[in-house]
Amino acid sequence: LENNGVLEAKYAKGRGIRKNFKDIIFKKGEGAAGIVFKTGKMLLVENKMKDSRYIDVGSKTYSKNSYLGLPLIFKSVILGVLNIDFKSSEELNNDSIEFLQILASNAAVAIRNTQLYNSSMRRIKRLSAMYEITKTISATLDLEKVLDIIVIKIIKIINAKICSVYLLNKEKTKL
């Protein structure tokens with residue numbers, strides 16, 4: 001299974017979630033979520049307080065919760081980890097775990113489709129801007145107008161703060 005990078009918290013719901021939960025990052029193999037990320041296998045921690053694989057990141061929930069981590073896998077690529085806390089592992093049975101595994105598989109497909117859609121939309125936006133730039137450049141000989149359009153489009157496309165163009169001076173010795 002391919003899994004490069006680190007895990008970053010993206011979304012959470014429930015009681016006792018830290019306000020700054022999005023600051024949480026796990027490296028491959030670090031903590032329960034990092035182990036799921038590294039192995040691509042489900043992990044059940046029956047008592048978070050007694051299991052060294054679980055790293056407490058400051059949730060305000062019950063101290064003896066159980067944890068279930070499920071890999072979000074799409075075509076052999078681990079996209080992330082679905083983390084679920086329970087009051088007790090007794091709340092889980094084989095049917096519940098099987099249901100959550102199927103849900104994690106479906107969630108991985110939905111996440112990947114969303115990623116592909118967003119990537120496609122960025123490409124379309126860039127190609128559209130390239131077309132507009134090319135069309136404008138070919139329609140005018142006004143250098144100021146051409147440079148203005150290029151810089152404005154680049155700022156919009158990549159959300160840059162500043163974009164500038166340096167041209168060689170007439171002596172061609174300085175930028």
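Observations, loosely collected:
- Of all residue pairs spaced 6 or more apart or on separate chains, those with beta-carbon atoms under 7 Å, a first member in the stretch 135-161 that is farther than 23 Å from M121 by Cβ and a second member that is open to solvent by 40 Å² or more (accessible area, probe 1.4 Å) and modelled with pLDDT under 85 are V146/I137.
- Residue selected from the stretch 1-54 under the condition touching a helix residue (DSSP H, G or I) at 6+ places or on another chain (Cβ under 7 Å) and closer than 15 Å to Y67 by Cα, by the criterion least open to solvent (accessible area, probe 1.4 Å): V45
- Among all residues of the stretch 85-98, there is none that is open to solvent by less than 100 Å² (accessible area, probe 1.4 Å), at pLDDT 85 or above, over 26 Å from G16 (Cβ atoms) and out of contact with any Asp or Glu (no Cβ under 8 Å at 6 or more places or on another chain).
- Test set (1) farther than 28 Å from D51 by Cα; (2) at pLDDT 90 or above; (3) open to solvent by 60 Å² or more (accessible area, probe 1.4 Å) - F74 fails condition number: (3)
- Residue in the stretch 86-96 that is of a type in the set (A, V, I, L, M) and not in a helix (DSSP H, G or I) present: yes
- If you go through the stretch 59-118 and keep only what is touching a residue at least 40 places away in the same chain (Cβ under 8 Å), of a type outside the set (S, T, Y) and over 18 Å from V36 (Cβ atoms), you end up with just K60.
- Looking across the stretch 17-46 at every residue that is touching a Phe, Trp or Tyr at 6+ places or on another chain (Cβ under 8 Å) and not in a helix (DSSP H, G or I), the one that is farthest from E91 (Cα to Cα) is identified as K28.
- Residue that is modelled with pLDDT under 85, at negative phi and more than 14 Å from the chain's Cα centre (by Cα), where the choices are E8, E46: E46
- Options S164, S128; residue that is part of a loop (DSSP other than H, G, I, E, B), without any contact (Cβ under 8 Å) to a residue 40 or more places away in the chain and within 33 Å of the chain's Cα centre (by Cα): S164
- The residues on offer are Q115, Q101, and the sole one that is polar (S, T, N, Q), touching a Leu at 6+ places or on another chain (Cβ under 7 Å), in a helix (DSSP H, G or I) and modelled with pLDDT of 85 or more is Q101.
- Residue in the stretch 110-119 that is surrounded by 13 or more Cβ atoms within 10 Å (Cβ to Cβ) and closer than 30 Å to L72 by Cα present: yes
- Against the list (1) assigned to a helix (DSSP H, G or I); (2) open to solvent by 60 Å² or more (accessible area, probe 1.4 Å); (3) at pLDDT below 85, the condition R123 fails is (3).
- Matching residues, the stretch 133-173, being basic (K, R) and surrounded by 12 or more Cβ atoms within 10 Å (Cβ to Cβ): K145, K153, K156
The values are calculated or read from the model by the stated rules, or taken from the named source; none is laboratory data. All of these numbers come straight from a predicted model, not from anything done at the bench. Virtual Cβ from ideal backbone geometry, glycine too; neighbours counted across all protein chains shown. To get the accessible areas, we keep the full protein, side chains included, count just its heavy atoms, and leave off ligands, DNA and RNA. Shrake-Rupley method; radii C 1.70, N 1.55, O 1.52, S 1.80 Å.
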